[in-house]
Structure formats: structure tokens, C-alpha cells
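Bear in mind these aren't lab numbers, they're just calculated from the coordinates by the rules spelled out. Bear in mind that the values here come from a model prediction, so they are computed numbers and not experimental data. So basically every Cβ, Gly included, is an ideal-geometry build from the backbone, and we count neighbours across all protein chains shown.
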Amino acid sequence: MSDFIPPYPKRHTKEINPFQALYYAQQDLLSIWDEESFEVEFMHRKILKQNIFIANSPDLVRYIFVEAKENYERKSPQMRRALEPLLGDGLFISDGDTWASRRKIQMPLFDSAHIKMFSRVMTSTIHEMAEEWAKVPEGGEVNVHTEMGKLTAEIIARTLFGEKLGSENSAAVVDAFAAYQSVVKQMALSNFLGLPDWWPNVNAKVGKARKAAKTIHNAVDAIIAKAEEGGHDGTLVAELLKANQTESGIDTMTKEQIRNELIVLFMAGHETTANVLAWTWYLISQAPEVEKKLHAELDEVLQGRTPEFADVDKLKYTRAILDETMRLYPPVPILSREALEGDTIRGKKVPPGSIMLIVPWLIQRHKKYWDKPDHFIPERFMPDAPKPIKFTYIPFSAGPRVCLAKNFGIIESVLSIAILAQKFRLSLDENQKVEHECRLTLRPKGRLPMKIQNRN
């Protein structure tokens, strides 16, 4: 069992004041927490005029996401402001009837039959990356974070848009996503001053964010137009266009709304999975006993053949590594909601308009619910281990708004680990310092250079 403790941001010894919290949050969303935050179950903070509550126990997570979901279904003003220029009314930030109707249209696209079909695209794309890595001289270096970004972008582009369109257009779209995240500010000061949603955002970088969003919009609009001409059967864009037609032949979504949903899928399928895979390779490289068990499972289960959809359930330790990585480095480490009406939780009044935070970064390292919470121990997710307490492990959120493409991401990640770890070992220079950055998602900061060794 691994005794490796991966790096995490410094925790304050005592609660910081509201102005410090606002300053730290502008720099990094994980830098605001103190040691006590990993032990308490319910917290209240007030930053300027904004009430913020943190639900940090399984019963409260269940209450917010399931029992009182109607009151807490709307994303926070900060999240909406950060993503609306890019996603419009897309599924990730919509609510009410809009969210329900879009969810209903898209759910069948991620059933087992569709994911099995998409897994063939995943496997072939991962093989292409393995062939590229095979050309790297023994002990040569690759930037693993960039490589995983290329891989997941190509997979999601091909499943969304079709093979030819994916390879031709994904690079420009990925660059635009990176540009958008680099300038977007999730912590808009106007929200903490109590200003209304219509108040203009005067952040100097808004123009750059809108320019990046426009690049993405134009690329996806062109892809939809080509898909409407036919020839892209079996892709998500074709399936979405088909699913959008009612029995009377009337479209239930406009082209702009379809574009918004495709961008949501691209963002979720590319950015978050790439980050998780980058963290996974880093963690494996720092835990030799974990790597040894991984290789033993791959050799025993696969006997040298290429893994496919049916093998994923058999690769239990590979999946456990993935699950433990997402526990330590949740793809979206802070989930924010807005209270539509007043509420009372554990004797505290929650005024309308309050921000309610569910923080996977906290509850998945909570000292009450996890043994050695900061250690990298994949064995805690093996079938013979005690199951985590429900609602303490929520890397894909929970309740009705659980990530629609959850199983897509799991299959993609397990296949990526299995195919690449079958052939290669990745190692990190002992002097290489690994840090994180967290704006909208949790990712390794800067480059993640690792050396490739051929296992054969």
C-alpha cells in the first residue's frame, strides 16, 4: 500500500478574513481553506454583502443536491458570469425547464450502447498516441499535461464531430478554450458588492474572453453546418441533431442552443479528463508499488492484447487508481449553487441569494470520513474495501445534475491508462516540482515533463 502524500496547497492555521479570502480566491480557489475546513461539517462566511455557506457533510450534500434540489439547482452568479459568454444557456449552467428539456434530449446519447460505439474511437485514438510515443527516444521527455490534452481533445472531437473534422479543427478549438480559461474570472467583485446580474462586468480581460469564445462559436457553427449535410453518422453532433427533432419534425432547440450544448460537451470531455489523466500519471510515477500492481493487472487480464470496452470492468485496480486520483484532485473542486429562497440549515438562516458551496476538495479529504485523507491509496476503492460513505465522494457531482458524460469519461480514462501503461513507464525528474492551479478546473501548473521508457 502506498505511503505517498501528493502535494497540496498550504492550509491556513486559522480562518482568514473576508478581504484575504477574496484576494486569495482571485489567485487560486484552493488557497482560501484553513485546517479546520477539513474537519467541520457546515460553515458560514460573509464576503462584503454576499453570504456564503459550505455544506461539508454527506447528509448536507444529499440535502442540497437531492432533497432541496429545486431551491439549489441554479449555479452561483460567479459561475454563470464566468461561463455565459462561452456556454450561453448550455446544460452546465442552465436550470429549470431549460435544463430539464436539454437533459432529456441528451441522456440517451450517453447510454451503454452509445458509449460502447464511442469506445472504438477512443481505442484507435489512444493507439495513435502510443505510436507517437514509440518514436520518442528511450528516456526522452514529453509534457504529459499537453499530451493528455491532445489525446482527450482528439477523442472528444472525433466522437462529437467525426474523424476528419476532429483532426482538422480540434487544435484551434483547444487553443481557444485555453485562452478563455486563462483570462476568465470566476470571482466577479460585483457579485460580492450585491450588484444585480445585469450590472456590466468591467474586468479588462472580458474582451479577450469574448474573443476566445467567438473563435469556439465559429468553429462549432461550421461543424454543425457540415453535419447537417450528412456524412457524419455515429457522431454526437449527428445524434444530437437527430434527437432534437420532435415526432412532428419540429426542432426543439435552435442551432445556437445546439452549439451551446456541443461546447459544454467539448469542455467537459476535453479539459477535465485531460487534467485527471495528467494527475494520474504523476501519482503513478511517485508510487512504485502502485505502478507494479497496475502492470501486473494489465499483464494478467489482457495477456498482451489491446483492451476494449468489455475489459474495463475487469481492470479493477486500474479503475481504483483513477478513482483515487479524482478523490485527491477532483476535476471541478468547488461546486457552487445559489439559494433561490430562504432556508434554515442546522439552525442557521440561509437568506435568498446566498451562495451554497459543496466542495469536493474538502469533503473528499475530510478527516472524519477518510483514513489518511491526504495519502494516495488506490486500494481504498477496490471491491473488497469498505465503500466510501455516500455523498463523500462526488467527483462528478451528485443527484439529478450528476455529470451526464460520467461513464464516457470513466471508460475513456481507464482505456487511456491501460493502453499506454501496457507499453510505457513514465517517470518524473526528482528535482521537478509539481504544483496545481485552480480557476474553473484543477490542473497541474505549467508543464509536467516526464520521461518515457518502453516496457518491452
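Aspartates and glutamates within cross-link reach of Lys292: Cα-Cα under 16 Å, excluding same-chain residues under 8 positions apart?
Qualifying aspartates and glutamates at Cα under 16 Å: Asp3, Glu300, Glu379.
Which trypsin sites (Lys or Arg not before Pro) in the stretch 356-402 pass both tests, a DSSP loop state and at most 16 other beta-carbon atoms within 10 Å?
Working: sites: Arg365, Lys367, Lys368, Arg380, Lys390, Arg401; in loops: Arg365, Lys367, Lys368, Lys390.
Counting only loop positions with at most 16 other Cβ atoms within 10 Å, the trypsin sites (Lys or Arg not before Pro) in the stretch 356-402 are Lys367, Lys368, Lys390.
Taking a cut-off of 21 Å between Cα atoms, list the lysines near Lys349, but don't count ones fewer than 8 places away on the same chain.
Those lysines meeting the cut-off are Lys46, Lys49, Lys69, Lys75.
Based on the mean of other Cβ atoms within 10 Å per residue, sort peptides 19-29, 320-330, 406-416, 297-307 so the most packed one is first. Walk me through the numbers on the way to the answer.
Numbers: 19-29: 16.3, 320-330: 24.2, 406-416: 22.2, 297-307: 14.4.
The packing order, highest mean first, is 320-330, 406-416, 19-29, 297-307.
Which of the three applies to the chain, rounded, prolate or oblate, going by the alpha-carbon gyration tensor with a ≥ b ≥ c and a/c under 1.5 meaning rounded?
Values: a/c = 1.57, a/b = 1.12, b/c = 1.40.
In terms of gyration-tensor shape, oblate.
Within the stretch 348-381, list the residues whose amide N lies under 20 Å from a label point set 7 Å along Cα→Cβ of Glu289.
From the stretch 348-381, the list is 370-381.
What are the aspartates and glutamates whose alpha-carbon lies under 13 Å from the alpha-carbon of Lys211, with same-chain residues fewer than 8 places away excluded?
Asp175
For a quick protection proxy, order the peptides 110-117, 286-293 by their average other-Cβ count within 10 Å, most packed first. Can you show the working numbers first?
Values: 110-117: 14.0, 286-293: 16.8.
By packing density, highest mean first, the sequence is 286-293, 110-117.
Give the distance, in whole Å, between the Cα centre of the stretch 328-354 and the Cα centre of the stretch 257-314.
Each part's Cα centre sits 32 Å from the other's.
222 nm [θ] for the chain, helices only, -39500 (n - 2.57) per DSSP H run of 4+, per residue, to 500?
On the way: 16 runs with 210 residues, N = 456.
Rounded to the nearest 500, the figure is -14500 deg cm²/dmol.
So which GluC sites (Glu not before Pro) in the stretch 113-167 pass both tests, a DSSP loop state and at most 13 other Cβ atoms within 10 Å of the Cβ?
Details: sites: Glu128, Glu131, Glu132, Glu138, Glu141, Glu147, Glu154, Glu163; in loops: Glu138.
When the GluC sites (Glu not before Pro) of the stretch 113-167 are filtered for loop state and at most 13 Cβ neighbours within 10 Å, Glu138 remain.
Can you tell me the dipole magnitude for the chain around its Cα centre, using point charges on the Cβ only (Lys, Arg +1; Asp, Glu -1), in Debye to the nearest 20? Could you put the intermediate results ahead of the total?
Details: 60 positive and 60 negative charges, 231 e Å.
That gives the chain a dipole magnitude of about 1100 debye.
Please compare each pair in Lys150/Lys406; Lys135/Lys423; Lys135/Lys316 to a cut-off of 22 Å on the Cα-Cα distance and tell me which ones are over it.
Working: Lys150/Lys406 20 Å; Lys135/Lys423 12 Å; Lys135/Lys316 30 Å.
Over 22 Å apart, Cα to Cα: Lys135/Lys316.
How big is the C-alpha Rg of the stretch 211-346 next to the rule-of-thumb value 2.2 N^0.38 Å, as a ratio?
Details: Rg = 21.1 Å, N = 136, 2.2 N^0.38 = 14.2 Å.
This ratio for the stretch 211-346 stands at 1.48.
May I ask which residue of Met450, Met326, Gly162 lies farthest towards the positive end of the charge dipole of the stretch 18-454, with charges of +1 (Lys, Arg) and -1 (Asp, Glu) on Cβ and the Cα centre as origin?
Value: Met326.
Out of the GluC sites (Glu not before Pro) in the stretch 67-107, which ones are loop residues according to DSSP with at most 16 other C-beta atoms within 10 Å?
Numbers: sites: Glu67, Glu70, Glu73; in loops: Glu70, Glu73.
Of the GluC sites (Glu not before Pro), the ones in loops of the stretch 67-107 whose Cβ has at most 16 other Cβ atoms within 10 Å are Glu70.
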